[in-house]
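Here is the structure we will look at.
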Amino acid sequence: MNKVLLKCTIASALGGLLFGYDTVIINGAMIDLVKHFQLTPALQGWTVSSALIGCILGTILIGRPGDLYGAKRLLQLLAIMFLASSIGCAAANNISVFIISRFIGGLAIGGASVLCPVYISEISPPKHRGVLASTFQLAIVLGILFSLITNYLLLNIGDQNWRWMLFSGAIPAVAFFLMLMVIRKSPRWLVKKGRIAEARKNIEDLSSHEIDTDQTIIDIQESIHTENLSKRINLFKKPYRKVIFIGIFVGIFSQLTGIGVVFYYSAQIFSIAGFSGDSSMFQSVILGVTNLVFTLIAMSVIDKVGRKSLLLFGQLGMVLVLGLFGYGLLSGNIAGYWLVALLVAYIAFFAASQGVVVWVILSEMFPNIIRARGASMGSFANWVVSASLNFFFPVVIGFFGATQAAQQIGMSYAFIFFAFVTFIGYIYLKKYIIETKGKTLEQIEKEVFC
């Protein structure tokens, strides 16, 4: 693996770090934001979910410009949008400006979630593609952890601490833009544009002449032809309809575990559970560290244990700890640091299963000719459910009242709901998901259609 390839991969993976950082940085700022702008529960939900709405639109809108101008130019534009979002949120003098700035950041996150992993996949030689493609997910997890640490460090710097928390995203945004200036254009995009000589040079430089360049160009041309054919296929007709719906439900059940709610609202969750502000933010950092550790563990064992086995184990584990957390809050029989331990266990089960496995399954389960579109639909469903849950979570809690006791009751019902739908997800996934470990994409395709 040479320096050119590593440099391009790291630069693109920074988009994943910004993805995780910018979505979760609002966690620590939310309590002070509610006070500063006097937010109702509905406005609080909209403040968080506005970025996720931007993500949904970003994933939809980025495809055509990416084909026209290439990943390098588009990623530089997204870096500028990340920077504008951080500055806009930090400087906002009213909630409308804040929400618009969050929405712009969401557009950048959605675009990066599509372009960065695709770019890494397109520049990677086959023997390094697995490990390099996983760097994007690892970067997201690191971004989440860094944002939680930043929130904790900036918590006690004054009344305007939330502004500095949100402005901190400008630092990785600038680093992202500067690193993108030295990356290579995707060979696949160059072939699509007819720039064969430039594509050949980039393939040779990125692979250190370890692969057959001419055969690689032929393979790219065949892939582009297959992609063009796929655009004529109706995904909701046989034989593709069944696998498309499975992919959509995989994306939906991933979010119905409540993972977005826990990461976006963990400081408030711990505060409602009775912990101080400092303690709540420190416990959120513990969740981020747990997420990183168990993501690495899952990446190391996924090809040994298997996708389906890991997924189902994690689902059952989450059902147990989510149910206990909700029951503990409702009854008062589980309290204090036992609640923290339950959320840490929940993050461990999620990171070791859904957090890694879902994106691997979505990249493997679809037939070659519809793989990109199928994976996109699963991802789209994931974002839509995430935006909906993160809007309604504070609304549901607020419905039960403004006192801490009332909010604990509302939050307990929310977690019992997550436990219930996660169990429904377990039943669905056990019935419909096939094990893809150790199988070629062609073998998987045959099983999907049998």
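The values are calculated or read from the model by the stated rules, or taken from the named source; none is laboratory data. In this text, all values refer to a predicted model and were calculated from it rather than measured experimentally. Just so you know, the surface numbers come from the protein's heavy atoms only, side chains and all, with ligands and any DNA or RNA stripped out. Shrake-Rupley method; radii C 1.70, N 1.55, O 1.52, S 1.80 Å.
Could you tell me how many degrees, from 0 to 90 and to the nearest 10, lie between the Cα long axis of helix 129-153 and the main elongation axis, the longest principal axis, of the Cα atoms of the chain?
30 degrees
How large is the accessible surface per residue of segment 118-207, computed with a 1.4 Å probe and reported in Å² as a whole number?
Value returned for segment 118-207: 44 Å² of accessible area per residue.
In the structure displayed, which of Lys308/Lys430; Lys308/Lys437; Lys7/Lys193 lie more than 18 Å apart, Cα to Cα?
Cα-Cα > 18 Å for Lys7/Lys193; rest within.
Enumerate the calculated ³J(HN,Hα) couplings along segment 158-164 in order (Karplus 6.51 cos²θ - 1.76 cosθ + 1.60, θ = phi - 60°), each rounded to whole Hz, writing x wherever the residue is Gly or Pro.
For segment 158-164, the Karplus-derived couplings read x, 5, 9, 4, 4, 5, 5 Hz, x marking Gly and Pro.
Whole number in Å², please: accessible area per residue of segment 285-341, 1.4 Å probe, ligands, DNA and RNA not counted.
46 Å²
Using the Karplus curve 6.51 cos²θ - 1.76 cosθ + 1.60 with θ = phi - 60°, work out ³J(HN,Hα) for each residue of segment 330-343 in order, rounded to whole Hz, and write x for Gly and Pro.
Those phi angles translate into 6, 8, x, 7, 10, 8, x, 6, 5, 5, 4, 4, 5, 5 Hz.
³J(HN,Hα) across segment 73-81 via Karplus (A = 6.51, B = -1.76, C = 1.60, θ = phi - 60°), whole Hz, x for Gly/Pro?
Using θ = phi - 60°, the values come out as 5, 5, 5, 5, 5, 5, 4, 5, 5 Hz.
Please work out how much accessible surface Glu210 shows to a 1.4 Å probe, ignoring ligands, DNA and RNA, in Å² rounded to 10.
110 Å²
Taking H placed 1.01 Å from N in the peptide plane, check which residues at least 5 places from Ile25 or on another chain put their amide H under 5 Å from its amide H.
none
Multiplying the sequence separation of Met181 and Ala341 by 0.36 nm and subtracting their Cα-Cα distance, what value in nm do you get?
Length gained between Met181 and Ala341: 53.2 nm.
Between segment 1-70 and segment 301-345, how many Å separate their Cα centres?
Cα centroid of segment 1-70 versus Cα centroid of segment 301-345: 27 Å apart.
Return a whole-number percent for the relative contact order of segment 104-205, with Cα pairs under 8 Å and 6 or more residues apart as the contact set.
About 22 percent, as a whole number.
Quick one: give the max-minus-min coordinate of the C-alpha atoms of segment 158-203 along each principal axis, largest first, in Å.
Principal extents (largest minus smallest coordinate, Cα): 57, 16, 10 Å.
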